[in-house]
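A short write-up of the structure that comes next.
The values are calculated or read from the model by the stated rules, or taken from the named source; none is laboratory data. Because the structure is a prediction, the values reported are computed rather than measured. Note that we place each Cβ from the backbone using ideal geometry, even for glycine, and neighbour counts take in every protein chain shown. Side chains are part of the model used for accessible areas, which takes the heavy atoms of the whole protein and leaves out ligands, DNA and RNA. Shrake-Rupley method; radii C 1.70, N 1.55, O 1.52, S 1.80 Å.
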Amino acid sequence: PIDTQIKNVMGINKEGSKKCKDMMDKVRIVQMQNDGKGVIMATGTPITNSITDAFVMQSYLQSGQLELLGLSSFDGWIGMFAEKETKFEIDVDTTNYRMAERFAQFHNIPELTNILAQVTDFHHTDAGNSIPEHDGYEDVVIHKTAAFSSYLNQISHRADAVRSGRVKRTEDNMLLITTDGRKAALDMRLVERTTPFTVACKVFECAQKVAEIYKQTAYERSTQLIFCDTSTPKQGFNMYAELKNLLVKMGVESSEIAFIHDVTTDSAREKLFERVRVGAVRILMGSTFKLGMGVNVQNKLIALHHLDVPWRPADMIQREGRILRQGNENPKVQIFRYITEGSFDAYSWQLLETKQRFITDILSGTIEDRNGADIDDTVLDYAEVKALAVGNPLIKKRVEVANELSRFIMLQKKAETQAEINQHDLVETESRIKIIKDMMPQVRDDADFFAANIWSYTRDELTALRNEIYKETYRKEPEREDKLIAEYRGFSITVPKAAYTNNPVVTITRSGRYQVRIINRNTRALENIDKCIAELDLRYADMEKAVNDGAAKIEYLENELTNGKDYKKEIEEKRIELAEIDEKLNVNK
């Protein structure tokens, strides 16, 4: 449960669930018995759905840290890392638009990521040569039928009734409306069973694509996955049986089509997966929950089909991770998305866009960006699909221009942040190079001096010097001032006042000044000093290289600061264009 005074903001669940509360109690007990330790959470998607996920994960694993930082309450956490933003959104019935409040702006991202990193292992998933390529998503837009348009009108009236309070929330509510709208976008027969079959539906378009690829890749025996979370196999009408029937009519062998839901044991699942891997089963259908995680059937996968839209960005990542995976023998694959025009698909893609932007902020690794979100192709793709699914051309244009504006604003923020980093780096590099140049004559003089002279010491003298160094550097407490121990090979050996057991070092001085760490009392003390003096030539060469590299870096940074990209013109143009569209749409009214 989230204890908060924040009201009227979407994406916040104040009630929570009993099982999560029970787990919190158990986590606390384990931590109390193990000095704050003893709990490990394993997940590839620690933030899957909303802003509350990060806070809840930290509450489980970092309650003490949050308490010390004054962030143990949700409102305190929000005050540090997020702010509300009112944005234009397509309404739940897709025929109108509205202004909605969400947590869409984020601040102090480096600090949040650093706190999370104390309990989290981050792994970048960079696409390598062994990951198949794909030319973006292939979106199949299904035009809305008269029956679907009529149903959307019913949805609109139901939404009005719920918002005005004319109907009890136990009888109808936005969740039920949304669920029905998503079903209707998938197939009208899921909400009105008497609706006659028409080829203007997702399942028919999907069957055509699947059958076409099935026949084209018959020799290679390539395989395909179809994801559908709504209307899974059951008695009566469902999408899985309907799609299989259509595929068989289009020439696909029934024995080469399988449903993941038909196997219920681990051994049966593995046998099915092996048949897919060798191409004996060429079309496998399933839900994200059953087919999207821990499934390795990528060997011959050539195409993946999203028949419906999942709620969570993490689900989309899990789905596509089945085909964009090492071990796929196909160098290039296809990913299809089926979108019903003017349907709830628009609203669903919009939710994914908002959620994915937040997740990208936290987990992308671009922690130098203090505010906002980094540019993410997945977000822009979601926005494009959202625009495709909206029937009103002006709303579609508004969405496109708004996303272009957001993109240019993010690019400008990134450019400004990079310019600040470059300026800081330039000053730091110039300062470091000046220090090195000032030191180089001293190092050169000391190196030449050492090369021109030879010293000899008795074994007793060396033993006494080692013992003195060890005694002075391994004190229990630091002294009040530096202590000169001896002259050695023309250099003064001094024990700094800060040298003691936890910091055993000496300073050797002639023209220059060099610090040497003392490892132990036996042989390494003098060996390290000898090594430092003998390698002054190498140190001088390293300093020359550092000066040359620094000069090249300074030249590069100065060029970047002079010729850096600026997006202010594009931002102004898009703001003007957006204002003109808003005026036509009466958004401000």
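Please work out how much length the chain gains when fully extended from Asn173 to Asn296, using 0.36 nm per residue of separation minus the C-alpha to C-alpha distance, in nm with one decimal.
Full-extension gain reported as 40.3 nm.
Please report, in whole Å³, the volume per residue of the convex hull around the C-alpha atoms of the stretch 217-362.
133 Å³
Looking at the square roots a ≥ b ≥ c of the eigenvalues of the Cα gyration tensor of the stretch 452-512, which shape do they give, rounded for a/c under 1.5, prolate if a/b is larger than b/c, or oblate?
oblate
Among rounded, prolate and oblate, which fits the stretch 172-290 when a ≥ b ≥ c are the square roots of the eigenvalues of its C-alpha gyration tensor, a/c under 1.5 means rounded, and a/b larger than b/c means prolate?
oblate
Taking 7 Å along the Cα-to-C-beta vector as the label spot, tell me the Arg166-Ala464 distance in nanometres, rounded to one decimal.
Taking the simple label geometry, Arg166 and Ala464 are separated by 10.6 nm.
What is the local net charge at Gly279, summed over the other residues whose Cβ is closer than 15 Å to its Cβ (Lys, Arg +1; Asp, Glu -1)?
It works out to a net charge of +2.
Treating only the Cβ of Lys, Arg, Asp and Glu as charged (+1, +1, -1, -1), what charge dipole size does the stretch 167-272 show about its Cα centre? Round to the nearest 20 debye.
Magnitude of the dipole: close to 160 debye.
Take the cross-link list Lys183/Lys332; Lys202/Lys244; Lys553/Lys574; Lys21/Lys84; Lys183/Lys300; Lys19/Lys271 and give me the ones stretching past 25 Å between alpha-carbons.
Checking Cα-Cα distances, Lys183/Lys332; Lys553/Lys574; Lys21/Lys84; Lys183/Lys300; Lys19/Lys271 exceed 25 Å.
Got a number for the accessible area of Asp25? Probe 1.4 Å, square angstrom, nearest 10.
About 70 Å², ignoring ligands and nucleic acids.
Give me the number: length gained by fully extending Asp530 to Val505, i.e. 0.36 nm times residue separation minus the C-alpha to C-alpha distance, one decimal in nm.
7.6 nm
Can you give the local net charge around Arg539? Use residues other than it whose beta-carbon is closer than 15 angstrom to its beta-carbon, Lys and Arg +1, Asp and Glu -1.
Local net charge: -3.
Can you give the local net charge around Val162? Use residues other than it whose beta-carbon is closer than 9 angstrom to its beta-carbon, Lys and Arg +1, Asp and Glu -1.
+2
How big is the charge dipole of the stretch 211-331 about its Cα centre, in debye rounded to the nearest 20, if each Lys and Arg gets +1 on its Cβ and each Asp and Glu gets -1 on its Cβ?
Once rounded to the nearest 20, the dipole reads 100 debye.
Return the FRET efficiency for the residue pair Lys497, Glu416: r is the Cβ-Cβ distance, R0 is 51 Å, and the value is rounded to the nearest 0.05.
0.70
How would Tyr338, Tyr137 rank on accessible area, largest to smallest, probe 1.4 Å?
Tyr137, Tyr338
I need the calculated FRET efficiency for the pair Val248 and Ala42, taking r as the beta carbon distance and R₀ as 30 Å, to the nearest 0.05.
0.15
Report the extension gain between His261 and Ser17 in nm, rounded to one decimal, defined as 0.36 nm multiplied by the number of residues separating them, less their alpha carbon distance.
Length difference between fully extended and current span is 85.1 nm.
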